[in-house]
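Just so it is clear, none of the values below were taken in a lab; they were calculated from the coordinates. Not measured: the values here are computed from a predicted model. Counting neighbours? That spans all protein chains shown, and the Cβs are built from the backbone with ideal geometry, glycine included.
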Amino acid sequence: MAEPASNIADQESVEQRERRLTWERTRIAEADADIAAGRVIFGDEALEWLDHWAAGEDLENPTLS
């Protein structure tokens, strides 16, 4: 079983933590920019698309609202 996140964080070096936090901040900034630009897909639509994708269907990218 996986260890709780707090134990994993205790095992990181200072450099690893900084790299991880930089990566997380970048992903959050990208998500914020997508939301601000209206590049979003809502829950039910996302789940339906993922169900079809998981079933192996050849899909186009979902329509963003």
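How large is the charge dipole for the chain, taken about the Cα centre, if only the Cβ atoms of Lys, Arg (+1) and Asp, Glu (-1) carry charge, to the nearest 20 debye?
Magnitude of the dipole: close to 400 debye.
How far is helix 43-54 tilted off the main Cα axis of the chain, in degrees rounded to 10, range 0 to 90?
Roughly 90 degrees, rounded to the nearest 10.
Hey, of (i) 1.31; (ii) 1.17; (iii) 1.15, which did the structure itself give for Rg/Rh (Cα atoms, Kirkwood Rh) when calculated?
Computed from these coordinates, Rg/Rh (Cα atoms, Kirkwood Rh) corresponds to label (iii).
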